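Only one structure is covered here, and it is reproduced in the block below.
The values are calculated or read from the model by the stated rules, or taken from the named source; none is laboratory data. The shown structure was predicted, so the numbers you read here are calculated from the model rather than taken from an experiment. Glycine also receives a Cβ, built like all others from the backbone with ideal geometry; neighbour counts cover every protein chain displayed. In case anyone asks, the SASA skips ligands and DNA or RNA and just uses the protein heavy atoms, side chains included. Shrake-Rupley method; radii C 1.70, N 1.55, O 1.52, S 1.80 Å.
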Amino acid sequence: MDSYLEQLRQELEETMTAASPDLMNNGPAGKWTPAQVLEHLYLTYCNTNKGLAACLEKGMPLGSRATLRHRLGTLVVVNLAYLPKGRKAPERAVPKGMPAEEVRRAILPEIQQMDAGFAECERRFGPRAKILDHPVLGPFNVDQWRKFHWVHGRHHARQIRERLGKTSG
(Lines give C-alpha, C1' and ligand atoms only; values in the text may rest on other atoms or scores of the structure.)
Protein backbone atom coordinates (compact mmCIF):
# COMPACT_ATOMS: atom_id res chain seq x y z
CA MET A 1 0.00 0.00 0.00
CA ASP A 2 1.17 3.53 -0.78
CA SER A 3 2.75 5.28 2.22
CA TYR A 4 0.09 8.03 2.42
CA LEU A 5 -2.74 5.55 2.25
CA GLU A 6 -0.99 3.25 4.73
CA GLN A 7 -0.64 6.17 7.16
CA LEU A 8 -4.31 6.98 6.60
CA ARG A 9 -5.32 3.36 7.23
CA GLN A 10 -3.29 3.23 10.45
CA GLU A 11 -4.65 6.55 11.70
CA LEU A 12 -8.27 5.55 11.09
CA GLU A 13 -7.76 2.09 12.54
CA GLU A 14 -6.27 3.57 15.74
CA THR A 15 -9.05 6.14 15.95
CA MET A 16 -11.77 3.52 15.47
CA THR A 17 -10.33 1.07 17.99
CA ALA A 18 -10.07 3.82 20.60
CA ALA A 19 -13.78 4.57 20.29
CA SER A 20 -16.44 2.58 22.06
CA PRO A 21 -19.53 2.05 19.87
CA ASP A 22 -21.83 4.02 22.19
CA LEU A 23 -19.61 7.13 21.99
CA MET A 24 -19.54 7.06 18.18
CA ASN A 25 -23.11 8.38 18.02
CA ASN A 26 -22.63 11.26 20.46
CA GLY A 27 -21.33 14.64 19.44
CA PRO A 28 -21.55 18.36 20.01
CA ALA A 29 -24.81 20.09 19.10
CA GLY A 30 -24.95 21.15 15.48
CA LYS A 31 -21.88 19.11 14.49
CA TRP A 32 -21.47 15.68 13.00
CA THR A 33 -21.03 12.82 15.46
CA PRO A 34 -17.84 10.72 15.24
CA ALA A 35 -19.86 8.08 13.34
CA GLN A 36 -21.04 10.70 10.83
CA VAL A 37 -17.49 12.00 10.34
CA LEU A 38 -16.35 8.43 9.66
CA GLU A 39 -19.25 7.94 7.23
CA HIS A 40 -18.24 11.17 5.46
CA LEU A 41 -14.74 9.75 4.95
CA TYR A 42 -16.18 6.44 3.79
CA LEU A 43 -18.35 8.23 1.22
CA THR A 44 -15.35 10.16 -0.12
CA TYR A 45 -13.49 6.87 -0.61
CA CYS A 46 -16.51 5.28 -2.32
CA ASN A 47 -16.84 8.28 -4.63
CA THR A 48 -13.14 8.22 -5.49
CA ASN A 49 -13.41 4.50 -6.22
CA LYS A 50 -16.37 5.13 -8.55
CA GLY A 51 -14.30 7.75 -10.37
CA LEU A 52 -11.31 5.42 -10.62
CA ALA A 53 -13.53 2.67 -12.03
CA ALA A 54 -14.92 5.07 -14.65
CA CYS A 55 -11.41 6.21 -15.56
CA LEU A 56 -10.19 2.64 -15.97
CA GLU A 57 -13.33 1.57 -17.85
CA LYS A 58 -12.96 4.44 -20.33
CA GLY A 59 -9.25 3.71 -20.65
CA MET A 60 -8.23 7.33 -20.21
CA PRO A 61 -7.65 10.00 -17.55
CA LEU A 62 -10.78 12.03 -16.83
CA GLY A 63 -9.22 15.12 -15.23
CA SER A 64 -10.00 18.53 -16.68
CA ARG A 65 -7.67 21.49 -17.06
CA ALA A 66 -6.82 23.18 -13.75
CA THR A 67 -7.86 26.78 -13.20
CA LEU A 68 -5.85 29.23 -11.10
CA ARG A 69 -8.29 28.64 -8.24
CA HIS A 70 -7.73 24.87 -8.50
CA ARG A 71 -3.96 25.33 -8.48
CA LEU A 72 -4.10 27.54 -5.38
CA GLY A 73 -6.39 25.10 -3.57
CA THR A 74 -4.14 22.19 -4.47
CA LEU A 75 -1.10 24.12 -3.27
CA VAL A 76 -2.68 24.72 0.14
CA VAL A 77 -4.35 21.35 0.69
CA VAL A 78 -2.06 18.91 -1.08
CA ASN A 79 1.36 20.56 -1.18
CA LEU A 80 1.18 22.30 2.21
CA ALA A 81 -1.00 19.56 3.78
CA TYR A 82 -3.39 22.11 5.28
CA LEU A 83 -7.14 21.59 5.19
CA PRO A 84 -8.99 24.81 6.08
CA LYS A 85 -11.86 24.43 8.54
CA GLY A 86 -15.47 25.33 7.91
CA ARG A 87 -15.85 24.17 4.32
CA LYS A 88 -19.15 22.49 3.60
CA ALA A 89 -18.92 18.93 2.27
CA PRO A 90 -20.20 18.23 -1.26
CA GLU A 91 -23.69 16.71 -1.11
CA ARG A 92 -22.48 13.28 -2.23
CA ALA A 93 -20.15 13.14 0.80
CA VAL A 94 -22.71 14.21 3.43
CA PRO A 95 -23.51 11.39 5.90
CA LYS A 96 -26.84 9.69 5.37
CA GLY A 97 -27.12 7.72 8.63
CA MET A 98 -25.14 4.57 7.95
CA PRO A 99 -24.77 2.57 11.20
CA ALA A 100 -21.40 3.17 12.89
CA GLU A 101 -20.48 -0.53 12.99
CA GLU A 102 -21.21 -0.89 9.28
CA VAL A 103 -18.96 2.08 8.47
CA ARG A 104 -16.21 0.69 10.72
CA ARG A 105 -16.29 -2.63 8.83
CA ALA A 106 -16.45 -1.07 5.36
CA ILE A 107 -14.02 1.85 5.48
CA LEU A 108 -10.65 0.04 5.48
CA PRO A 109 -11.51 -2.25 2.52
CA GLU A 110 -12.57 0.89 0.64
CA ILE A 111 -9.09 2.37 1.23
CA GLN A 112 -7.49 -0.85 -0.05
CA GLN A 113 -9.65 -0.73 -3.17
CA MET A 114 -8.68 2.91 -3.68
CA ASP A 115 -4.98 2.02 -3.39
CA ALA A 116 -5.36 -0.70 -6.05
CA GLY A 117 -7.25 1.70 -8.34
CA PHE A 118 -4.59 4.39 -7.98
CA ALA A 119 -1.84 1.86 -8.72
CA GLU A 120 -3.65 0.68 -11.86
CA CYS A 121 -4.27 4.24 -13.07
CA GLU A 122 -0.62 5.09 -12.48
CA ARG A 123 0.48 1.98 -14.39
CA ARG A 124 -1.85 2.68 -17.32
CA PHE A 125 -1.69 6.47 -17.61
CA GLY A 126 1.57 7.43 -15.92
CA PRO A 127 2.25 9.30 -12.69
CA ARG A 128 1.57 12.80 -14.05
CA ALA A 129 -1.82 12.20 -15.69
CA LYS A 130 -4.67 14.14 -14.11
CA ILE A 131 -6.92 11.13 -13.60
CA LEU A 132 -9.95 12.68 -11.87
CA ASP A 133 -11.32 16.00 -10.69
CA HIS A 134 -11.84 16.68 -7.01
CA PRO A 135 -15.23 18.44 -6.68
CA VAL A 136 -13.63 21.58 -5.20
CA LEU A 137 -9.90 21.41 -5.90
CA GLY A 138 -10.04 20.28 -9.53
CA PRO A 139 -7.86 17.74 -11.33
CA PHE A 140 -5.37 15.60 -9.41
CA ASN A 141 -2.80 13.06 -10.47
CA VAL A 142 -2.47 9.79 -8.52
CA ASP A 143 0.05 11.12 -5.98
CA GLN A 144 -2.05 14.22 -5.36
CA TRP A 145 -5.11 12.04 -4.75
CA ARG A 146 -3.21 9.86 -2.31
CA LYS A 147 -1.91 12.83 -0.38
CA PHE A 148 -5.29 14.58 -0.44
CA HIS A 149 -6.98 11.57 1.15
CA TRP A 150 -4.27 11.42 3.81
CA VAL A 151 -4.58 15.16 4.63
CA HIS A 152 -8.39 14.97 4.62
CA GLY A 153 -8.50 11.75 6.66
CA ARG A 154 -5.98 13.04 9.21
CA HIS A 155 -8.05 16.23 9.64
CA HIS A 156 -11.21 14.24 10.32
CA ALA A 157 -9.49 11.63 12.52
CA ARG A 158 -8.44 14.54 14.76
CA GLN A 159 -12.05 15.75 14.83
CA ILE A 160 -13.25 12.29 15.82
CA ARG A 161 -10.70 12.03 18.63
CA GLU A 162 -11.60 15.53 19.87
CA ARG A 163 -15.32 14.69 19.87
CA LEU A 164 -14.75 11.38 21.62
CA GLY A 165 -12.71 13.17 24.27
CA LYS A 166 -15.40 15.79 24.76
CA THR A 167 -18.22 13.24 24.99
CA SER A 168 -16.35 10.87 27.30
CA GLY A 169 -15.03 13.44 29.71
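Looking across region 130-139, the residues that are closer than 13 Å to Asn47 by Cβ and outside any loop (DSSP other than H, G, I, E, B) come down to Leu132, Asp133, His134. Note on region 83-105: residues that are surrounded by 12 or more Cβ atoms within 10 Å (Cβ to Cβ), part of a loop (DSSP other than H, G, I, E, B) and not aliphatic (A, V, I, L, M) total 3. Could you grab me the full set of residues in region 51-66 that are in a loop (DSSP other than H, G, I, E, B) and more than 20 Å from Asp143 (Cβ to Cβ)? Across region 51-66, the qualifying residue is only Gly59. Just one residue in the set Glu110, Glu120, Glu102 is over 24 Å from Asp2 (Cα atoms) and not basic (Lys, Arg); that residue is Glu102. Scanning region 45-64 for residues that are closer than 28 Å to Gly86 by Cβ and open to solvent by 20 Å² or more (accessible area, probe 1.4 Å) gives Cys46, Asn47, Lys50, Gly63, Ser64. Can you name every residue in region 12-35 that is open to solvent by less than 40 Å² (accessible area, probe 1.4 Å) and either touching a strand residue (DSSP E or B) at 6+ places or on another chain (Cβ under 7 Å) or within 13 Å of Gln159 (Cα to Cα) (or both)? Passing the criteria: Leu12, Thr15, Met16, Ala19, Met24, Gly27, Thr33, Pro34, Ala35. The selection criterion, being touching a residue at least 60 places away in the same chain (Cβ under 8 Å), part of a helix (DSSP H, G or I) and within 27 Å of Ser20 (Cα to Cα), holds for Ala157. On the stretch given as region 3-50, residues that are part of a helix (DSSP H, G or I) and more than 26 Å from Ile131 (Cβ to Cβ) total 12. The requirement of being farther than 20 Å from Ala53 by Cα, over 12 Å from the mean Cα position of the chain (by Cα) and aliphatic (A, V, I, L, M) is satisfied by Val94. When restricted to residues that are surrounded by fewer than 12 Cβ atoms within 10 Å (Cβ to Cβ) and part of a helix (DSSP H, G or I), region 106-129 contains 2.
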